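One structure below.
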Amino acid sequence: MHLLYLVFGNAAPNHFQAVFSMLSFLRQPEQFDGITVVTDAPEFYRHMADHVTVLPIAAATLQEWRGEFDFFWRIKIKALEYVHQHQPGSAILYLDTDTFLHGSLATIRAQLEAGTALMHEPEGALSQLASKTEQRMWQQVRQHSFGGVAMRKDHQMWNAGVVGIPAGRAAAAIALALRICDDLSRQGVTPRLIEQFALSVALAETGPLAAAAPQIGHYWSTKTEWNAAISAFLLESYLCQRTVAEEVAALARFDYHALPVKHRVRSTRGRLEKLMGRLFPPREVSYIE
């Protein structure tokens, strides 16, 4: 089993999330054969050099991976394809940066070796999801075929923060996901969740698909709280000049249960907070002259 991360740009939180996630998996190193991080900022991973293969990605390659329709997140599927081509005998476990291992990686590995693909968790049938984006997508895809797959009411949208593909299914599943993704773009389907839905359908169509959530946390909606905790952990590592092995050992004291991994906040709250910021801006702001 080979782990894969994609991290782009210079926003430090994305990179320290990735490092923290990698450290959590390094607590069970016997369960995987390597970690690849595809990034345009390889300098952020020097500390991890003995544990991670860094694939610096050129702008031209990124543009090629975006494809004919210039869809950015198509690169996730292309990165899966790249790793499979270079590790054809290994299952692939793609991970968003805002993930961490809290359970048994042996269980994940056993599922993949048994031929079961993984995504983080099911969000529900696209036809039944409530957001405006998802409702619009369903109206656009219903009664159509994409990548040769006729869309059904029971096709699920899965969270793509984790994507695990068994070695024996990888070539067919990835090729199908690319065809579905490109057909969705070709037909002008709302793009925000295209690669997520393409992977969801492709993995479900090519064999069994299960949830990785019992073993892997994904704090996509609570990043503020997790970023603060991770920053404190890595700052302590820096001040104490910990080695990677010492950081992995220190994670034994990290309380993964202290922070929520999910919460829902109404969009109205965000609009009100922005309005309050405009109505009551900070006063007596000063700078060093």
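Computed from the coordinates by the stated procedures, all read-outs in this text should not be read as laboratory data. Given the structure is predicted, the values throughout are model-derived calculations rather than measurements. Because the Cβ atoms are built from the backbone with ideal geometry, glycine has one as well, and the counts that use them run over all protein chains shown.
For volume of the Cα convex hull per residue in Å³, computed directly from the structure shown, the correct entry in (1) 170; (2) 114; (3) 129 is (1). Per residue, the average separation of C-alpha pairs within less than 8 Å and at least 6 apart gives the chain a relative contact order of 21 percent. Mind checking which lysines have their Cα closer than 28 Å to the Cα of residue 153? Skip sequence neighbours fewer than 8 apart in that chain. Here the lysines satisfying the reach criterion relative to residue 153 are 76, 78, 132, 262.
How big is the charge dipole of the chain about its Cα centre, in debye rounded to the nearest 20, if each Lys and Arg gets +1 on its Cβ and each Asp and Glu gets -1 on its Cβ? Walk me through the intermediate numbers first.
Values: 27 positive and 28 negative charges, 233 e Å.
Magnitude of the dipole: close to 1120 debye.
Counted by Cβ distance under 14 Å from residue 26, the other residues give a net charge of -3, where Lys and Arg count +1 and Asp and Glu count -1.
State, to one decimal in nm², a quarter of the convex hull surface area for the C-alpha atoms of region 132-262, i.e. the direction-averaged projected area. Provide the component values of the computation, followed by the final result.
Working: hull surface 42.4 nm².
Average of the hull's projected areas for region 132-262 equals 10.6 nm².
Applying 1/(1 + (r/R0)^6) with r as the Cβ-Cβ distance of residue 252 and residue 289 and R0 = 41 angstrom yields a FRET efficiency of 0.30. Per-residue packing, averaged as other Cβ atoms within 10 Å, sorts the ranges 109-115, 62-68 into the order 109-115, 62-68, beginning with the highest. Most tightly packed first, judged by the mean number of other beta-carbon atoms within 10 Å of their residues, the peptides 231-237, 100-106 read 100-106, 231-237. Using the Cβ-Cβ distance between residue 142 and residue 43 with R0 = 45 Å, the FRET efficiency computed as 1/(1 + (r/R0)^6) comes to roughly 0.45.
Order of 190, 36 from fewest to most other C-beta atoms within 10 Å? Don't skip to the answer; put the middle values down first.
Details: 190 16, 36 21.
With the sparsest Cβ surroundings first, the list reads 190, 36.
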